[in-house]
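To keep things clear, I will list the structure first and then write my remarks on it.
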Amino acid sequence: MDLRIDALRKSMGEKSAYITSKANIFYYSGFTSEDAYLIITPARAILVTDSRYTVQAKEQAAGFEIFDIKENIPFEEKTVLIEEEHITAGRLERLKKKYPDKEFIRGDEIISRARRIKTGEEIGLIRTAQEIGDAAFTHILDFLKPGISEKSVALELEYFMKKNGAQGLSFETIAASGIRSAMPHGAASDKIIEKGDFLTLDFGCVYKGYCSDMTRTVVIGTASERQREIYNIVLKAQEAALSAIAAGKRCADTDAAARDIIKAHGYGEYFGHGLGHSVGIEIHELPSFSPKSEDILENGHVITVEPGIYIENFGGVRIEDLIVVSDGKAMNLTHSPKNLIEI
Ligand code: ZN
Ligand code: ZN
C-alpha cells in the first residue's frame, strides 16, 4: 500500500486527498468497509471510522493512523482533493462547514488514476477470480436443460462460485434466454428456458477484492441458421478485436476492429454498447474500449472484449473475455470454449 500512497502524494503535491469511495479506501489502505474515509496528506495517512470497525481497521490498514469518526481531525493543507463523482452534495456541504478555511476541488482522476495499471499481484487475484468463473461455466453446462428458469441458472452459477472461493459477485448475474437475450443487461427472471432459445450468461465473482467478468451465449437445442450466422459474426468480431490489442494503440481502434466486422455484415445498428471496460476492484473501470475513448493501451491494463448483436423480438449474442495487456499484447484470462455450444 505504501507505494500506492507515495504515488498519490507525488501527483497531488502540497494538497490533501479526502477519499470516500469504497474502492479507493480499499486500494490505498486495504480496509474493506465503506463506513470509513481516508485523509492522505503529504505527511500523514489517516483512516477515520466508527467504533464498530476500529479493530478491523488496525488489522487491515497497516501504516494508517486510525481515528474515531467523532473526533475532529485537523490537517494543514488548504487544498483538498475530493471524489466528486462519489461524494454526495449533502456530505460536501457538511465538509465545507466543518473546514471553512479549506478549498475542496475535484480529484477523481488523480485519486483513481493509478488503479488503471494493475500490478502483478492484482493481476494474480483477477486471474484467480476468472478461473472460478471459467469453472462455473463448465459446471453450468451440465446443469442447463429446457424447463428450468433463468433464475435457477443464475443461482447455480452464484452458488458454485461462492462455494469455490468467491467472496461475492462482481455484479448481478445475467441469464437472459429467448427474446430476453436481446437485452444486453437482462437480469435473470422467472422465465423458463425453452428449446430453441439463445441463453446469454454474463457473470463474475470477487476474489480478495478483485472482480472477474465473462459472457457466453449458448443455444438450447439445435441452433437455427440465423442463430448460427449471428453467433459466428460476433465470434469473428471478438477474435479480431483480441488480435488487434497492442500496447501503444488507441483503445478506440480495438473497438473499431470488432465494430467494423459487425457493420460489414449489416448488423452495425444492433451493437449499441462499447466493446469493453477495464476490470479491477470495481467491475467498470477505465480505460474502456469505446469509439469515443482517447486512451492508449498499456501493459497492465485488464480489460474486457465483449462485442454483441441484439435483435429485438429475436434474441442476442454476446461473447466476453477478460484479458490483460502483457508484453505488449493481449493475454487472455478467460479459457472457456467459444465455439457455438448446443445443449
Ligand atoms: Zn460481463
Ligand atoms: Zn463486461
> Of all residues in region 72-94, which are aliphatic (A, V, I, L, M) and modelled with pLDDT of 95 or more?
Replying inline: 80, 81, 82, 87, 89, 92
> Out of region 256-276, which residues are within 16 Å of ligand 1 (Cβ to nearest atom), surrounded by 21 or more Cβ atoms within 10 Å (Cβ to Cβ) and of a type outside the set (A, V, I, L, M, F, W, C)?
Replying inline: 276
> Could you count how many residues in region 278-302 are without any contact (Cβ under 8 Å) to a residue 40 or more places away in the chain and open to solvent by less than 40 Å² (accessible area, probe 1.4 Å)?
Replying inline: 2
> Residues 124, 90, 147: which one is touching a residue at least 24 places away in the same chain (Cβ under 8 Å) and either part of a helix (DSSP H, G or I) or small (Gly, Ala, Ser) (or both)?
Replying inline: 147
>> Please verify whether residue 248 is over 28 Å from residue 207 (Cβ atoms) and within 16 Å of ligand 1 (Cβ to nearest atom), treating the condition exactly as stated.
In response: no
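Which of the residues that make up region 302-343 are among the basic types (Lys, Arg) and in a loop (DSSP other than H, G, I, E, B)?
338
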>> Looking at region 172-195, can you tell me whether even one residue there is more than 18 Å from residue 318 (Cα to Cα) and within 13 Å of ligand 1 (Cβ to nearest atom)?
In response: no
> Which number in (1) under 22 Å from residue 131 (Cα atoms); (2) away from ligand 1 (no atom under 16 Å from the Cβ); (3) assigned to a strand (DSSP E or B) marks the one condition that residue 299 misses?
Replying inline: (3)
> Can you tell me which of 47, 95, 38 is open to solvent by less than 60 Å² (accessible area, probe 1.4 Å), farther than 15 Å from residue 2 by Cα and not in a loop (DSSP other than H, G, I, E, B)?
Replying inline: 95
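Just to be sure, is residue 50 over 21 Å from residue 209 (Cα atoms), among the charged types (D, E, K, R) and in contact (Cβ under 8 Å) with a residue 12 or more places away in the chain?
For residue 50, the condition - over 21 Å from residue 209 (Cα atoms), among the charged types (D, E, K, R) and in contact (Cβ under 8 Å) with a residue 12 or more places away in the chain - is met.
The values are calculated or read from the model by the stated rules, or taken from the named source; none is laboratory data. Because the structure is predicted, anything quoted here is derived from the model rather than measured. Virtual Cβ from ideal backbone geometry, glycine too; neighbours counted across all protein chains shown. Quick note on the areas: whole protein, heavy atoms, side chains included, nothing else; ligands and nucleic acids left out. Shrake-Rupley method; radii C 1.70, N 1.55, O 1.52, S 1.80 Å.
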